[in-house]
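Beneath this line is the structure, given in structure tokens, with notes to follow.
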Amino acid sequence: MDAVAMHIANGIVNGPVSAAFAALAAAALTVCVARGRADLDDRLAPLAGLVAAFIFAVQMLNFQVLPGVSGHLLGGTLAAILVGPWVGALCVSTVLIIQCLLFADGGLTALGLNITNMAVVGTAAGYLLVAALLRLLPRKRYALTLTAFVASVVSVVVASQGFVFEYWLGGTTELSLSTIAGSMAGAHVLIGVGEGLITATTVATVAAVRPDLVYALRRLRAPARTAAAAASAQPATSELPAATSATAGAPEPTVDGAA
Amino acid sequence: MTRRLAWFIAGGLLVALLLAGVVSNFASSSPDGLDATARKGCTTDADGTITGGTCMARQEKDHQMKDSPLADYGIKGIDNPYLSTGLSGALGVVLTFGVGAGAFWLVRRRGRTASASASPTAPGSGEN
């Protein structure tokens, strides 16, 4: 069987540094469970399971970015937009743990490194940018799509530099760090574009079908939205204002049963 | 969970199953950005095993789970590569959803509905 390793393998970063990042990842996930519980209600729990399953599926879809080099979705930005940063990081971690334990992808020793980069750093970077962009951009439908794309590109590059940092601390081979950083960043800008396209498409689809299920829209867009603003902001779409205006009065999501 | 949400989840799972079960067979088999960078500077044979040179992956060790029945996104014992990859992917989707949704359900904030939860129910009530 050909090599389908997609994450950091065993033995690339030394034992002590790997162990330190395992502890860091465990601490971060504990915080995510504590903070994520506030978001996790009867509706978000199954949705978060779906987000994890979807990320698992799309991570199998390696796309070519350069001759002999491919890339795949990391998923942090997608998860953060759909289920929020805390639960989002847990979704990506779930995928990484299952891939490691059952599919032999991403070393067991390196699990903390992979969780730190892709689930913690990737999701955090993606969400921070999503939060900033959604506040800056006009309340138009394209704003969420554009935000998803831009945040994905940045998030993937930042996550790739997380690996460079880990390698700087505990790399097992003497190599030029700047070469590694450049090479990782170059490849991951291209992978980020692919991630951005997938994330933007997925988020736009969910926002069109069930805008009330998009965490970023609920938390970062809903409070200030009035029915009038919603109507003027989306003249071309009939279903979106109807669905979003249902949430307009309430900062907390309430529409699932009512709609 | 309302029926409407159940339909959305079911639809999403169907898409994920198709992606992991079918489309995955058309994915690129080149090493990904990390793996390609890790192997830069080394020479590899046809199987991707490092034969010489200096690169990040020089000291790479085998995976502890390399003998797992699902190792490397295939199912041990199924020789047809399409079937093996597709089934392992579909199984992965089901397992990830089961483990994820199950764990999230266990740690979720109790309270009947999202609207009811606006009332202050103490979240740190002990379990998990």
Is one or more of the residues making up the stretch B:100-113 in contact with a Cys (Cβ under 9 Å, 6 or more places away or on another chain), within 9 Å of chain A (Cβ to nearest Cβ) and either in a helix (DSSP H, G or I) or modelled with pLDDT under 90 (or both)? yes
Quick test for you: out of B:ILE78, B:ILE50, pick the one residue that is more than 15 Å from A:LEU102 (Cα to Cα) and modelled with pLDDT under 90. B:ILE50
In the stretch A:171-221, residue least open to solvent (accessible area, probe 1.4 Å) [restricted to those that are hydroxyl-bearing (Ser, Thr, Tyr) and within 30 Å of B:ARG39 (Cα to Cα)]: A:THR199
Consider the stretch B:42-54. How many of its residues are facing another protein chain (nearest Cβ under 7 Å) and over 16 Å from B:SER30 (Cβ atoms)? 1
Any residue in the stretch A:24-46 that is of a type in the set (Asp, Glu), more than 7 Å from every other protein chain (Cβ to nearest Cβ), open to solvent by less than 30 Å² (accessible area, probe 1.4 Å) and in a loop (DSSP other than H, G, I, E, B)? yes
Checking the structure you have, find out if any residue of the stretch A:64-75 is modelled with pLDDT of 95 or more, touching a Ser or Thr at 6+ places or on another chain (Cβ under 8 Å) and assigned to a helix (DSSP H, G or I). no
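The values are calculated or read from the model by the stated rules, or taken from the named source; none is laboratory data. On a predicted model such as this, the values are computed, not experimentally measured, just so you know. Quick reminder, even Gly has a Cβ in these numbers, built from the backbone with ideal geometry, and neighbours come from all protein chains shown. Quick note on the areas: whole protein, heavy atoms, side chains included, nothing else; ligands and nucleic acids left out. Shrake-Rupley method; radii C 1.70, N 1.55, O 1.52, S 1.80 Å.
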